[in-house]
Amino acid sequence: MKIVLFAHPSFLDHQSMPRYANMLFNGMTERDHEVEIWSPKARFYKLPSSKSLKKWLGYVDQYIIFPLEVRFKLLGASKDTLFVFTDQALGPWVPLVKNKKHVVHCHDFLALKSALGNIPENPTSFSGKKYQNYIRNGFSKGKNFISISKKTQEDLHELHQGKIVNSAVCYNGLNRPFHPLSPIESRNLLKAKLNIELTDGYIMHIGGNQYYKNRKGVIEIYDFWRGISKKKIPLLLIGSEPSEELSDLHQKSPYKEDIHFVSNLSDEYINNAYSGAVCLLFPSLDEGFGWPIIEAMASGCPVITTNRSPMNEVGGPAAFYIDKRPNDELHLKKWKEDSAKILERLITLDTLQMKELMEKSLKQSQKFTTEHSLNAIEVVYKEINQIV
């Protein structure tokens, strides 16, 4: 099978999407398919300019120059080529091959839902709304789709403005290895690396400052938990530097000395971070998939996450669940209290219960291997490629 992968340009400095495109490229190549990647090159983008202008120059490369190149390449493409869009955000290019064999991978629709006003916590600018509508109009010309979760598939069916012919769910697979490491050795390694006392373990969160990651909720749960527990385990928030709002919340915490923001921790330490943690506290408001849930489980780390799809799709029977953080103050205190009680219940499990939970977690993580994901994706590719 001949496969052309449409991928984000490298000059945008994305992280997760290039990894996903590379997984597809390597996986399909190993399965003896003929694969190539089509992606915009930096032409106008590399011209000397201000940061704000550079974004628009990048748009010229992506949406004016690149489509011209694609039209030229299509003249030499065989009729049995399958055109694969590695992200629905590449929607503006979908009309170029709408009458050819194609499939669009869908990850999450959070930006589009925000632009439509469906997520009041994350307002979108006028230009952002126009851009998301441009993307939506593009992917709505597509007919065949693969979503990374049932939640993403539901959003696709709600937001797509045309006719969907094929729609499948193929869960993500871990794109780098994670496995249980010695908790003691992992804690000692991070203790030396970060100069933080971690001998008795720590509660961990990993992620950026995006509204849906709910880092604020992590601190709120931690503060309430410290008030009801006899334990004094620190909290590590691994990821982006804290936002102004998060820094203010941190400074107001009576346990601020035990709350640590860890930025620029390289990938080589992430497996250790999970393995050394007492648990991953991941109360996201929304996700496309929820990578940290399965990374933690594969590392032998217990998980507390939100009882909403896709988090509960990924966590399955192995995770502890809490409600989604409410916006109103009336219900917020009860949410903090209920969540803190679940955190205390997990942390106070006895040795046998913790062992059983780890076994459950490892078993759940095996459902999300790269091999399993690629096999499922290949089946869909073949089905679409056989369509006359």
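Quick notes on this structure:
- In Hz, Karplus ³J(HN,Hα) per residue of the stretch 301-317 (6.51, -1.76, 1.60; θ = phi - 60°; x = Gly, Pro): 9, x, 10, 10, 9, 7, 7, 9, 6, x, 4, 6, 5, 6, x, x, x
- Span from the the stretch 68-82 Cα centroid across to the the stretch 268-320 one, whole angstrom: 41
- Taking each DSSP H run with n ≥ 4 as -39500 (n - 2.57) and averaging over every residue of the chain yields -13500 deg cm²/dmol at 222 nm.
- Dipole of the chain, positive end: most advanced residue of 292, 104, 195 [Cβ charges, Cα centre]: 104
- Spacing of the two label points (7 Å from each Cα toward its C-beta) at residue 71 and residue 168, in nm: 3.2
- Förster radius 30 Å - calculated FRET efficiency between residue 16 and residue 196, Cβ distance, rounded to 0.05: 0.65
- Panel note: the C-alpha atoms of the stretch 62-102, placed on their principal axes, show extents of 24, 20, 14 Å (largest first).
- Only Lys, Arg (+1) and Asp, Glu (-1) charged, at Cβ; the chain dipole about Cα centre in debye: 1040
- Given charges at Cβ of Lys, Arg, Asp, Glu: the chain dipole, positive-most of 147, 134, 249: 134
- Alpha-carbon Debye profile of the stretch 265-388, log10 I(q)/I(0) at 0.12, 0.14, 0.17, 0.23 Å⁻¹: -0.53, -0.68, -0.90, -1.34
- Calculated translational diffusion coefficient of the stretch 183-367 (10 °C, 1.306 mPa s; Stokes-Einstein with Kirkwood radius over alpha-carbon pairs) equals 97 µm²/s.
- Relative contact order computed over the stretch 239-346 (Cα-Cα under 8 Å; 6+ residues apart), in percent: 18
- Under the Debye formula (equal points on every Cα, no solvent term), log10 I(q)/I(0) of the stretch 44-152 at q = 0.10 Å⁻¹: -0.35
- Each Cα pair under 8 Å and six or more residues apart adds its sequence gap; the mean of these over the residue count of the stretch 183-367 is a relative contact order of 22 percent.
- Distant-in-sequence amide H partners of residue 6 (H built 1.01 Å from N, under 5 Å): 38, 84, 85, 86
- Interchain or long-range residues, amide H under 5 Å from residue 262's placed H: 237, 238, 239
- If R0 is taken as 51 Å, the Cβ-Cβ distance between residue 241 and residue 30 corresponds to a FRET efficiency of 0.85.
- Furthest towards positive pole of dipole, 227, 311, 366, structure part the stretch 183-367, Cβ charges: 227
- FRET efficiency for residue 125 and residue 360, using Cβ-Cβ distance with R0 set to 41 Å, rounded to 0.05: 0.40
- Beyond 19 Å in Cα-Cα separation lie the following of the pairs 216/360; 101/163; 79/101; 216/324: 216/360.
- The stretch 276-322 - convex hull of the alpha-carbon atoms, volume per residue in Å³: 59
- Centroid-to-centroid separation of the stretch 143-191 and the stretch 27-52 [C-alpha atoms, Å]: 23
- Taking Cα centre as origin and charging only the Cβ of basic (Lys, Arg, +1) and acidic (Asp, Glu, -1) residues, the dipole magnitude of the stretch 183-367 rounds to 400 debye.
- Convex hull volume per residue in cubic angstrom - Cα atoms of the chain: 149
- For residue 147, the residues 5 or more places off, or on other chains, whose built amide H falls under 5 Å of its own are 106, 168, 169, 170.
Where a number appears in this text, it was derived from the coordinates with a stated rule and is not lab data. What you are looking at is a predicted structure, and each value in this text was computed from that prediction instead of being measured. We place every Cβ from the backbone using ideal geometry, glycine too, and count neighbours over all the protein chains shown.
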